[in-house]
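Below is one structure; the comments refer to it alone.
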Amino acid sequence: MNFNQYVVLLIIASLVNVGFAQVVPGNEADLCPGLTNILPLNTASFGPLKEVFNCDVIERQAFSERRPYRNGRSGKETAFWAQEMVGGDMAREYMDKLKRAEGSGSGGVAEVPVGVLDVGFALTNLPRNRMTGNALACRQAVRECNPDAADYVMRGLTLEDIDAMGLPKFGTCPAMTQHCPAHLGDDSEHGTSVSNLILGPPPMASTDQARLSWVDTASRPMEEIVSSFEATTPKPRILNMSIACHLEIRHLCESWPPSIKRISDQTIAVKASGNNFPEEVDPTSKIINGIVVGSLTPSGLASDFSQDGHEVTISAPSDYSIQSLSPRKYDDERPGSRPTLFSGTSGATPMVTSALTNVLALLPDISTAEIKTLLRKTAIPTAGTMNGNNGAGSLNALKLVQVAHRLKEMNLPRSEAKALLNQDSLYDFNDQAQSLVTRAQELMREVPYDANICERHKRAFKLLRQAFFLAPREHNVRKALADIYRANGYEAQADFADPSAGKHAIAMKMADKELRLRALIRSGSFKSSDTSLLREVLQQKEVGHRTNSMLYALLPEHQASLAQALEGLSEEQIEPLYIDLAQEKRMSSEKALTFMQLLLHSPKPAKKNVIFYVFKGLPENMASSVFDEAFRSPNKEDRRNAIDYVYNYCDKNKSVQYLSNLLEHEQDPDLIKQATKLKEKLETSP
C-alpha cells in the first residue's frame, strides 16, 4: 500500500467543475511575482468528476477512524498530510529508482549512518535492518539482558512502571552497561516516534538510506554524550536532536551549548527550535553549527508553539498531528509499533533529517553550509515563512534529492560544484514541471469515463504534486493544486499550496476562537480590529496556558488592545491569566512589567495582592516603579495590598524605603496607621 493509496487518492474523488478563483491579495504581496512560466490549468475543463469519479480506492483498515483523513485543529486533513506536503513519498520513490539503476552501473546511492540524541528509546520497536554500530549493539543487549523488561518498554512502560512490577531492573547487566546509554527507557515514546520519522516504513520517512548508528539520552552528563559520540563507529554523518533547553529547565542544561557545538562541528546537526513561543530559541540553537528547524501547520502557518528567530534555517510540517509509529501501550499485548500522532518541532526536525539523508546518500562530502544553501534554494514559500524568522520556507524533500542527483551527475570538481550551488540554473526544473502539468491535464480530460478513470486521476494528481515540488514558486501550479484540495474539503492544505489569501485570513479559518487568536498572534497578523476576539477568548471559562503566555508577543505593539481586553475581565477570569504570565516572566522582564501595570490599572479585581506575589523576582529597578505606581492608585485596596506585599516579601531595607515613599503622600488614616506600624516594626527588628 503506497502513500497515494493512503492519503491522496480521495482528494480528487468529489471534484466538481472547479475553476480558478480570482487571486485575492492578503497582507502580503504575491509570493511569486512574475513567475508564470508554466501555463495556467483550467481545472473546470476536467469534467463533472463528482458524478464519474465515485470510487472508493482507499484501504482503510490501517486507520483507527476507518477513513483516510482526520479532523484536526485546522479542519479536515489527510492522514499523512505532513509527509504529503513535503513530497516525502516522491523523494523515497526517486531514490528507489536510483538504487535500481545502480545495478546497471549508475546511481551510486550510499547508506548513511544517522545519530539520534533524544530522551529515550524503545529500540526493539525500530527496524533491526535499519541499525548498525552502537544502536544495533544496544538493541541486541536489551534483548539479551532483559527480555521481559524489553517487551514492556516496547509497549510503552516507563522504567518506574517496570521496577514496580518486580522484574529484573532494566539496564543493569554488563552488556547494556557497555552498549547502551543511561535512561534508555525514559519517555521511550518520544525517541521512538522521532526515529521512525527518519528511518521508518513508507510513508513515514522519506528515505530508505538511513542506518541508525548511534543513540544517546540527553538526560545524562554532556561530557559522557560527547565521549560516546566521538568513540562510536560508524560515526553519524547526520545527527537529529529533537530537544531544546527552555527557560524553565535552563538550569539543568547550562552545559549543552559548548558540548553540542563540539558535536555539531563533526557532523550535520539538525536541531529543533523549541516549543515555547514567544520565548527566544535556546542558547544551543544560537551557537550550533547546524540546521535549526521550526514547525508548520497544515495551512503553512508557523505552529503556535514553534519558536522563531533568524537562527531558524527551515521549517517543516508537524504541528499537533504528524503521523509516526511509537511503542505499543502496556495494555496492548501485540508486539511491535502502533500508529501515533506525534507533534511539535520534535516532529518537524526528523522530517528534515530524513530528507537530508537522501542528499548525503548522493553527496557524502557535502558540508553544513552547502546543505543550508540547498534547503534555502529548494524551500516552498508558505504563509508562515514570509518574514524570515521561521526559516527560508517549508522543507521540499523531492526537489532536494533531484537537485542533489543533478549535481552528482555533473561530476564536477569540488570547488566548481560548491560555486554552482548558488546558481539558479541548478534549481530550474520548469521544463520538467510543464511536461508534468501537460500530462496531468491530458489524463484528467481523457474519455471515456470508464473503470480506469480512478487510476488516471490518481496519476494526474500525483503529476501535479510533482510539478508543485519541482517549481514551488510557480503560481499556476500552486493554484491548481489548491483548487483540488479545496474542492474536497481540505481547506488548510489548499492554503499551504496557495497562501495568497494572506496570513490573517488563513489564521481566521482555525477551528475555534482560541486557536484563531493563537494563529493571529503567532503569525504576527493580529490587528486592532481583533481586540474583540481577544476579549472573547480571555472571557472564556478556561483559557489554555499557551494562549495566556503567548500574550507577551502582543507587546509592545498591541498594548492598547490588551488594556481594552483586560478591562472587562472578572477576578475569576483574570487570576489564572496573570499566574500564567508570571510563570513565563523570564521571557522578558520588560514585558512582565508592562503586564503588571496593565493589571494594576484595570478596574478589576479588587484584590490585587496576588499580582505582586506572582510577579516577584523582577529586577529591583522595575519592581520599585510598580510599587510606586501601586501606592498612587486611587483604589484603597490596591494601596493596602501593596503595603502587605512589600512588608512580607521584600528585603527589609527596601520595604522601609517603599513604605516611607507611601507615607509622603498617603492621606487615608487607616493606611497611614498601617504603613507607620509596619515601618516601625521593620526598623526595630534585628
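Multiplying the residue separation of LYS527 and THR676 by 0.36 nm and subtracting their alpha-carbon distance yields 48.9 nm. Contact order, relative form, for the stretch 127-233: 34 percent (alpha carbon pairs under 8 Å, 6 or more residues apart, mean separation divided by residue count). Shape call for the stretch 411-546 from the C-alpha gyration tensor, a ≥ b ≥ c root eigenvalues: rounded (a/c under 1.5), prolate (a/b greater than b/c) or oblate? Oblate, since a/c reaches 1.5 and b/c is not below a/b. Heavy-atom accessible area, probed at 1.4 angstrom with all protein chains present, ranks HIS251, HIS457, HIS190 as HIS251, HIS190, HIS457, highest first.
Taking the average, over residues, of other Cβ atoms within 10 Å as the packing measure, peptides 290-303, 171-184 rank 290-303, 171-184 from highest down.
Packing here is the average count of other Cβ atoms within 10 Å per residue, and on that basis the peptides 72-84, 524-536, highest first, run 72-84, 524-536.
For the stretch 512-577, the alpha-carbon radius of gyration amounts to 0.99 times the rule-of-thumb value 2.2 N^0.38 Å expected for a compact globular protein. Using the Cα gyration tensor of the stretch 628-682, with a ≥ b ≥ c the square roots of its eigenvalues, what is the shape: rounded (a/c below 1.5), prolate (a/b larger than b/c) or oblate (neither)? Prolate, because a/c is 1.5 or more and a/b exceeds b/c.
Pairs of alpha-carbon atoms within less than 8 angstrom and 6+ residues apart define the contacts here; what relative contact order does the stretch 495-548 have, in percent? With pairs under 8 Å counted, the relative contact order is 28 percent. Here the 3J(HN,Hα) profile of the stretch 78-95, calculated from phi with Karplus coefficients 6.51, -1.76 and 1.60 at θ = phi - 60°, is 5, 4, 10, 4, 5, 5, 5, 7, 10, x, x, 5, 6, 4, 5, 4, 4, 5 Hz, Gly and Pro shown as x. For the stretch 233-386, the relative contact order comes to 24 percent (Cα pairs under 8 Å, sequence separation of at least 6). Between ASP651 and ALA505, the distance separating the two model label sites (each 7 Å from Cα on the Cα→Cβ line) works out to 5.7 nm. Taking the centroid of alpha carbons for each part, the stretch 631-651 and the stretch 450-502 are 62 Å apart. Do any of LYS636/LYS677; LYS271/LYS585; LYS271/LYS591; LYS585/LYS654; LYS652/LYS681; LYS99/LYS235 go past 19 Å between their Cα atoms, and which? Correct reply: LYS271/LYS585; LYS271/LYS591; LYS585/LYS654; LYS99/LYS235.
For the stretch 213-272, GluC sites (Glu not before Pro) are listed when DSSP marks them as loop and at most 15 other Cβ atoms sit within 10 Å of their Cβ; the list is GLU254. Oblate is the label for the stretch 365-404, because the ratio a/c of its alpha-carbon gyration tensor axes (a ≥ b ≥ c) is 1.5 or higher and a/b is not greater than b/c.
Measuring only protein heavy atoms, the 1.4 Å probe finds MET587 accessible over about 40 Å².
Accessible surface comparison of LYS591, LYS169, LYS399, LYS654, probe 1.4 Å, protein chains only, largest first: the order is LYS169, LYS654, LYS591, LYS399.
Residue separation of ASN635 and ARG220 scaled by 0.36 nm, minus their Cα-Cα distance, works out to 144.1 nm of gained length. The slack in the chain from LYS169 to SER425, taken as 0.36 nm per residue of separation less the alpha-carbon distance, amounts to 86.3 nm.
The values are calculated or read from the model by the stated rules, or taken from the named source; none is laboratory data. Worth saying up front: this structure is predicted, and the values here are computed from it rather than measured. Positions of Cβ are generated from backbone atoms using ideal geometry, with glycine treated the same way; all protein chains shown enter the neighbour counts. The area values use the complete protein model at the heavy-atom level, side chains included, leaving out ligands, DNA and RNA. Shrake-Rupley method; radii C 1.70, N 1.55, O 1.52, S 1.80 Å.
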